[in-house]
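The next block holds one structure in the form of structure tokens; read it before the comments.
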Number of protein chains: 2
Amino acid sequence: MQETVGFIGLGVMGRPMAKHILDRGFPVVVHNRSPKAQDELTAVGARAAGSAAEVARQCTVIITMVPDTPDVERVLTAEDGVLAGLAAGSVVIDMSSISPVVAKRLAALVAERGSVMLDAPVSGGEIGAINGTLSIMVGGDAAALTRVRPILECMGQPEKVIHVGAEPGSGQTCKVCNQIAIGGALAGVSEALALAKKAGVDPVRVREALLGGFASSRVLEVHGERLIKGNFVPGFRTALYQKDLRLATETAAANGVALPATALVSQLVNALVASGGKDLDYSAIGTVLFQLASVK
Amino acid sequence: MQETVGFIGLGVMGRPMAKHILDRGFPVVVHNRSPKAQDELTAVGARAAGSAAEVARQCTVIITMVPDTPDVERVLTAEDGVLAGLAAGSVVIDMSSISPVVAKRLAALVAERGSVMLDAPVSGGEIGAINGTLSIMVGGDAAALTRVRPILECMGQPEKVIHVGAEPGSGQTCKVCNQIAIGGALAGVSEALALAKKAGVDPVRVREALLGGFASSRVLEVHGERLIKGNFVPGFRTALYQKDLRLATETAAANGVALPATALVSQLVNALVASGGKDLDYSAIGTVLFQLASVK
């Protein structure tokens, strides 16, 4: 059966993701709050729908890619939302990064209508979306994943589409873990570079030396370079990372887990936002540590 | 000129490092506090010397590889230490991980005797030492490094021998930065795995998914696996990492830098040591976070 794919949310991530699905020959129906992004997609072969409900009525697989938990809730449960148009036997895939708890609740609502919801948040950012190299963390029913795998593999290589768990919300929990791991690495890299700068050792050499050893990481490679060059053009906006760390803190509390390092990283993010940095790339949280050391 | 290489300190790291130098055809003179390790090296072609001074008298390049700052100070400045036997025109290379401030002071003492001291601490651990794939962070005179580079390249590939800076102590500062970056990454990975476990999501899948994305790091790869398997056979002992973080804290204070994430990691290390973990691999600091979440 040829699936017709709905794509709701055509932001920085959603636009290239939807284009990859079109490129592989799937019929795609798009919807976005502002119509300009819709025009960009219809120009390359997508159809536009006037509401999320309309997308659901025309499609067998509906993808949502919006900024935050309340946005996904709205897109699904509003009067003209996905649930209002959803036929039984469909698959809804939320690729946004949202609360695992809410993901589970929304999956139950979709199940009540005889369809399946998968949570499938991504890592890899705008570059990963453009290159079709996103890593995709999928939670929910394995059979539904098998069904939609060819669609997900338009956006990330097969080995990067990981079934994290059958429990709805598992993918979102994994994404939260991803952001936690990145936060710790970023704090470590920032403190290392702050010390190097203040001690008069060339941070370019330090980064190079560390990349050859056990401290090697994507964060050191990419964010280390950003911090050295002072280039904080997003990338991934600090406001969104702040949201992700709020999810981490909430998820930790809900599950009975203490995250002291993440708590510290959250405060650095708050400090960056307080000084007007919400639209900078989130690697700029390292500059808060640079300020503590009076280095630039 | 064929250099004769002295090697003082034949521990877990020093033994394989000295063997690699022998293997490349350099004459090697060894000295170690306990004679058993010396026997292992003389069996494969090294000569043994009765004291560090004796090593210095017989060699043009003298390498020290001992556990901590006071050990290096003793090996150099004791009555029968390196300085007592050092001829002008020699190069002393300290490959231990010690205080950058002390490294600078010792380099000045060596310079007074008409020789050069390089600080060249390593990253890569026992496996890196055995495989000859250490990353080596060199501080000090560039010409001296050029002279001894063929010796250092016995222990790490050419591209991994990095001249961090001409200022003595630069290599040690870089090593401190390395341990800082690793600490942050390890805290992040540990918290991510604690949350996954407690939330009932398979940490094996989470690690796999994260390795495909931006959270990818050597720490996630190696220590993530250790934490999942509960395998804390060193590796690198927690007692030595505790020493390295003490150096980080001291170096930060000496340079006017604040390291809040490293301070947190230090406290986790203290907690691990308090519960009897000093001889475990340092990745076991993640278990302190697991305990906070009541997961194993």
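Do you know which of the residues in region A:47-81 that are within 30 Å of A:R246 (Cα to Cα) and surrounded by fewer than 17 Cβ atoms within 10 Å (Cβ to Cβ) is nearest to the chain's Cα centre (by Cα)? If you could, list the steps in order and put the result at the bottom.
So the first thing to find is which residues in region A:47-81 are within 30 Å of A:R246 (Cα to Cα), and the list is A:51-53, A:61-81.
Imposing the further condition that a residue be surrounded by fewer than 17 Cβ atoms within 10 Å (Cβ to Cβ) reduces the set to A:70, A:74, A:77-80.
Numbers: A:P70: 15, A:R74: 18, A:T77: 21, A:A78: 23, A:E79: 26, A:D80: 25 Å.
Step by step, filter region A:47-81, then rank; the result is A:P70.
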Take B:L145 and tell me if it is farther than 22 Å from B:E3 by Cβ, in a helix (DSSP H, G or I) and touching a residue at least 12 places away in the same chain (Cβ under 8 Å). no
For B:V75, are the conditions met, namely being part of a helix (DSSP H, G or I) and in the same structural domain as B:V12 (by TED's automatic domain parsing)? yes
Going through region B:100-119 in order, the residues found to be more than 15 Å from B:I62 (Cβ to Cβ) and surrounded by fewer than 23 Cβ atoms within 10 Å (Cβ to Cβ) are B:V101, B:V102, B:K104, B:R105, B:A108, B:E112
Test B:A263 against the stated conditions and say whether it is within 27 Å of A:L193 (Cβ to Cβ), at pLDDT 95 or above, at the interface with chain A (Cβ under 8 Å from one of its Cβ atoms) and open to solvent by 20 Å² or more (accessible area, probe 1.4 Å). no
With (1) modelled with pLDDT under 95; (2) of a type outside the set (F, W, Y); (3) out of contact with any Phe, Trp or Tyr (no Cβ under 6 Å at 6 or more places or on another chain) as the list, and B:G125 as the residue in question, which single condition is left unmet? (3)
In region A:216-243, what count of residues is obtained for those that are within 24 Å of B:L268 (Cβ to Cβ) and out of contact with any Lys or Arg (no Cβ under 8 Å at 6 or more places or on another chain)? 4
Looking for whichever is out of contact with any helix residue (DSSP H, G or I) (no Cβ under 8 Å at 6 or more places or on another chain) and at positive phi here; the options are B:G276, B:G235, B:G256. Which one fits? B:G276
Given the structure, is A:T238 surrounded by fewer than 22 Cβ atoms within 10 Å (Cβ to Cβ) and among the β-branched types (V, I, T)? no
From A:C177, A:C154, which residue is more than 7 Å from chain B (Cβ to nearest Cβ) and either buried (at least 24 other Cβ atoms within 10 Å of the Cβ) or not acidic (D, E) (or both)? A:C154
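So that you can scan it fast, the table gives a plain yes or no per residue for (1) more than 24 Å from A:T249 (Cβ to Cβ); (2) within 9 Å of chain A (Cβ to nearest Cβ); (3) not in a helix (DSSP H, G or I):
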site: B:R205; (1), (2), (3): no, yes, no
site: B:L210; (1), (2), (3): no, yes, no
site: B:R226; (1), (2), (3): yes, no, no
site: B:G235; (1), (2), (3): yes, no, yes
site: B:A239; (1), (2), (3): yes, no, no
site: B:L245; (1), (2), (3): yes, no, no
site: B:V257; (1), (2), (3): yes, yes, yes
site: B:Q267; (1), (2), (3): no, yes, no
Taking region B:270-290 and the residues there that are within 13 Å of chain A (Cβ to nearest Cβ) and part of a helix (DSSP H, G or I), the one that is most open to solvent (accessible area, probe 1.4 Å) would be B:A271
Could you tell me which of the residues A:V5, A:V44 is open to solvent by 40 Å² or more (accessible area, probe 1.4 Å) and under 19 Å from A:I151 (Cβ atoms)? A:V44
Taking the criterion of being part of a helix (DSSP H, G or I) and among the charged types (D, E, K, R), would at least one residue in region B:164-174 satisfy it? no
Would you check if A:E126 is open to solvent by 10 Å² or more (accessible area, probe 1.4 Å), assigned by TED's automatic domain parsing to the domain that holds A:D141 and closer than 21 Å to B:F214 by Cβ? yes
Cβ contacts < 6 Å: first residue away from chain A (no Cβ under 14 Å), restricted to region B:105-130; second residue open to solvent by 10 Å² or more (accessible area, probe 1.4 Å) and among the charged types (D, E, K, R), any location; separation 6+ or different chain. Result? B:V116/B:D141
Look at region A:187-203 and say how many of its residues are outside any helix (DSSP H, G or I), surrounded by fewer than 24 Cβ atoms within 10 Å (Cβ to Cβ) and either of a type in the set (G, A, S) or more than 7 Å from chain B (Cβ to nearest Cβ) (or both). 1
Looking only at region B:241-260, filter to residues that are in contact (Cβ under 8 Å) with a residue 24 or more places away in the chain and open to solvent by 50 Å² or more (accessible area, probe 1.4 Å); which one of those is nearest to the chain's Cα centre (by Cα)? B:Q242
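I need a count of the residues in region A:123-141 that are among the polar types (S, T, N, Q) and under 12 Å from the mean Cα position of the chain (by Cα).
Residues that pass the stated criteria total 2.
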What tally of residues in region B:8-41 results from selecting those that are open to solvent by 50 Å² or more (accessible area, probe 1.4 Å), of a type in the set (A, V, I, L, M, F, W, C) and at pLDDT 95 or above? 0
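The values are calculated or read from the model by the stated rules, or taken from the named source; none is laboratory data. All figures in this text were calculated on a predicted structure; none of them were measured in a lab. Ideal geometry is used to build each Cβ from the backbone, glycine not excepted, and the neighbour counts take in all protein chains shown. Keep in mind that these areas ignore ligands, DNA and RNA; they rest on the heavy atoms of the full protein, side chains included. Shrake-Rupley method; radii C 1.70, N 1.55, O 1.52, S 1.80 Å.
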